[in-house]
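To start, the structure itself, in structure tokens.
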Amino acid sequence: DVKVTQSSRYLVKRTGEKVFLECVQDMDHENMFWYRQDPGLGLRLIYFSYDVKMKEKGDIPEGYSVSREKKERFSLILESASTNQTSMYLCASSSYPGLGTASTDTQYFGPGTRLTVL
Amino acid sequence: GENVEQHPSTLSVQEGDSAVIKCTYSDSASNYFPWYKQELGKRPQLIIDIRSNVGEKKDQRIAVTLNKTAKHFSLHITETQPEDSAVYFCAASFDAGNMLTFGGGTRLMVKP
């Protein structure tokens, strides 16, 4: 059974603080993703990583950075938190479908971290 | 990039009725279309997906249809039950990079 865990369910930070959100998966998945979820906007991709030390920007990377030093762990960093970053943050992972295969594998989600920036 | 629009944003049905949620996408290269269900306070979970080489897929009370020409796909839930109440998200992607673009979500309420 796939397990994706996130370091905190709820987090309250102050404007200007540096914030770390951690995600760990135990299925040896190559791909990991960070989304933010806001009402009416669905899930928007912030960053994703397809391998250790590799990262790609998603649709809304501004104000965020990521780190993937180990395959199972993907961190989202808010260098200087702002109130408009108050949101639910969801991590996901999936396996790499393989070169030459026409398939995209299921993304498995973590429980989410509700971040409030005051 | 890809853009996915989802309608309606809220849907209320009577228990036993059918529910239909529709999504349109913009990138004709997209070939994978999953649907996720998110119950209140829980993580999104995949309920069904369809790939571009088929037009319809069914799993018990849920089905998904895909019209590649019109670039739209729909989720159909028959004989709805109160436990179907949740937010449903559609998404689209193409193979490279495995990135999903999500629709805005539909809050389905099934009234007993």
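Scanning the range B:1-49 for residues that are of a type in the set (A, V, I, L, M), under 16 Å from residue B:109 (Cβ atoms) and in a loop (DSSP other than H, G, I, E, B) yields a single hit, B:40.
Applying the set (1) open to solvent by 50 Å² or more (accessible area, probe 1.4 Å); (2) at pLDDT 95 or above to residue A:44 leaves exactly one unmet item: (2).
Could you tell me whether residue A:76 is in contact with a Pro (Cβ under 8 Å, 6 or more places away or on another chain), at pLDDT 95 or above, of a type in the set (A, V, I, L, M) and under 26 Å from residue B:105 (Cα atoms)? Taking the combined requirement at face value, the residue does not satisfy it. With respect to (1) more than 19 Å from residue A:94 (Cβ to Cβ); (2) at the interface with chain A (Cβ under 10 Å from one of its Cβ atoms); (3) surrounded by 14 or more Cβ atoms within 10 Å (Cβ to Cβ), the lone exception for residue B:44 is condition (1). When the residues of the range B:48-66 are filtered to those that are modelled with pLDDT of 95 or more and closer than 25 Å to residue B:1 by Cα, the one that is surrounded by the fewest Cβ atoms within 10 Å (Cβ to Cβ) is B:65. No other residue among B:49, B:59 is among the charged types (D, E, K, R) and more than 12 Å from chain A (Cβ to nearest Cβ) apart from B:59. Kindly indicate whether residue B:65 is farther than 24 Å from residue A:35 by Cα, assigned to a loop (DSSP other than H, G, I, E, B) and not aliphatic (A, V, I, L, M). It is false that residue B:65 is farther than 24 Å from residue A:35 by Cα, assigned to a loop (DSSP other than H, G, I, E, B) and not aliphatic (A, V, I, L, M).
Restricting B:79, B:83 to those that are open to solvent by 60 Å² or more (accessible area, probe 1.4 Å) and outside any loop (DSSP other than H, G, I, E, B) reduces the list to B:83. Listed by position, the strands (runs of 3 or more DSSP E) inside the range A:18-59 whose residues that are touching a residue at least 24 places away in the same chain (Cβ under 8 Å), more than 10 Å from chain B (Cβ to nearest Cβ) and not charged (D, E, K, R) number at least 3 are A:19-25, A:42-49.
Take the conditions buried (at least 17 other Cβ atoms within 10 Å of the Cβ), touching a strand residue (DSSP E or B) at 6+ places or on another chain (Cβ under 8 Å), in contact (Cβ under 8 Å) with a residue 12 or more places away in the chain and among the hydrophobic types (A, V, I, L, M, F, W, C) and apply them to residue B:11. Does it pass? Criteria met by residue B:11. From the list A:57, A:53, A:71, A:18, the lone residue that is within 12 Å of the chain's Cα centre (by Cα) and open to solvent by 20 Å² or more (accessible area, probe 1.4 Å) is A:57.
The values are calculated or read from the model by the stated rules, or taken from the named source; none is laboratory data. No experiment lies behind these values; they were computed from the predicted model shown. Here Cβ is always computed from backbone atoms with ideal geometry, including for glycine, and neighbour counts include all displayed protein chains. The protein model used for the area step is the full one, side chains on, heavy atoms only, and it has no ligands, DNA or RNA in it. Shrake-Rupley method; radii C 1.70, N 1.55, O 1.52, S 1.80 Å.
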